[in-house]
Amino acid sequence: NDSWLLEVRIMAYGDSQRLLVARDVTRLRQLEQMRRDFVANVSHELKTPLTVLQGYVEMMQMTCDPESMQGRQFKAMEEQSVRMKTLIDRLLTLSRIESSTDLDLERPVDIPALMSTIQQEGETLAAGSHQLVFEVDPELKVYGDEMQLHSACANLVQNAIRYTPPGGEIRVSWRRNGERARFEVQDQGEGIAPEHLPRLTERFYRVDKARSRDTGGSGLGLAIVKHALNHHNSQLEISSVVGQGSRFAFELPATLVVQKAS
Ligand code: ADP
């Protein structure tokens, strides 16, 4: 249609003056939308043939000894197709979250229930190799999108497990901080060097590609977290010490926290 979009900024100019800068971003937004639609469509189209291939690989696995050369090759094919499916699912999640607009603020999200699901998923991923310690305010409720909050918290917990050597401890908490609510994940992993921190939430940015691939990474997790948090007027805080561990945290504004009746 004929409508166009202007980005307007008001900046301080000297002590008492203000500078108003307006930029036509119509074309930029259209291109962003085209890219998002393209990624969503391609991902969706790739799913069907992949499911067919997975079915055939499963059938072929049933016809041979898993220890034989052929059995091992089928196993490798199965693993690669699972990785591809994870990547496609994550691309779809990212484009869904990127293009979602208004939050449904009608029904509050029950944080203890959400975190109990995430804890179970975490225990399955860790398979007894890490100690997971969850401390969640039992009465905390927030306004927001349940799917997006689940994606944000689950991705951070899963990363903490995947980048912490076996035997390490992961501490996860959701607390009230005044009228705001704060989520934190502290791990005892390898840590992240400061030069990587500013780029960590970019799509496909990985500190160590091989390591990320080995642990089942796609390079999309933190991009998903960033977009989900943007929708909730929140930002990811990352602090890390190489060799000691990392802390990923975010706070939800008071307007999104169901306040206790006084
Ligand atoms: P991936 O699927 O590769 O984990 P993410 O977007 O979730 O992608 O994370 C981007 C990169 O940030 C990872 O490849 C890894 O290098 C680094 N990273 C994320 N979480 C942690 C963590 N808890 N400890 C150390 N490095 C991390």
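The values are calculated or read from the model by the stated rules, or taken from the named source; none is laboratory data. Only a predicted model underlies this, so the values are computations on that prediction, with no experimental measurement involved. Using ideal geometry, Cβ is built from the backbone for each residue, glycine included, and neighbour counts are taken over all protein chains shown. Please note that ligands, DNA and RNA were not included when accessible areas were found on the heavy atoms of the full protein model with its side chains. Shrake-Rupley method; radii C 1.70, N 1.55, O 1.52, S 1.80 Å.
Before we move on, is residue 223 open to solvent by less than 40 Å² (accessible area, probe 1.4 Å), under 19 Å from residue 142 (Cα atoms) and hydrophobic (A, V, I, L, M, F, W, C)?
The answer is no for residue 223.
What are the residue pairs meeting all of these: first residue in the range 101-118, first residue open to solvent by less than 40 Å² (accessible area, probe 1.4 Å), second residue basic (Lys, Arg), Cβ atoms under 7 Å, and 6 or more apart or on different chains?
Close Cβ pairs (under 7 Å, with a partner that is basic (Lys, Arg)) amount to 109/141; 111/141.
So, in the range 226-236, of the ones that are open to solvent by 20 Å² or more (accessible area, probe 1.4 Å) and touching a residue at least 40 places away in the same chain (Cβ under 8 Å), which residue ends up farthest from the ligand (Cβ to nearest atom)?
Only one residue tops the list, namely 231.
When you scan the range 237-257, how many residues do you find that are open to solvent by 40 Å² or more (accessible area, probe 1.4 Å) and closer than 18 Å to residue 173 by Cβ?
4
Filter the range 4-19 down to the residues that are over 33 Å from the mean Cα position of the chain (by Cα) and part of a loop (DSSP other than H, G, I, E, B) and list them by number.
Passing the criteria: 14, 15, 16.
Strands (runs of 3 or more DSSP E) wholly in the range 96-207 with at least 3 residues that are away from the ligand (no atom under 16 Å from the Cβ) and not acidic (Asp, Glu) - which ones?
The strands (runs of 3 or more DSSP E) meeting that bar are 141-143, 169-177, 180-186.
Test residue 74 against the stated conditions and say whether it is in a strand (DSSP E or B) and in contact with a helix residue (DSSP H, G or I) (Cβ under 6 Å, 6 or more places away or on another chain).
no
Residues in the range 42-65: is at least one open to solvent by 100 Å² or more (accessible area, probe 1.4 Å), touching a Ser or Thr at 6+ places or on another chain (Cβ under 9 Å) and modelled with pLDDT under 90?
No - not one qualifying residue is present in the range 42-65.
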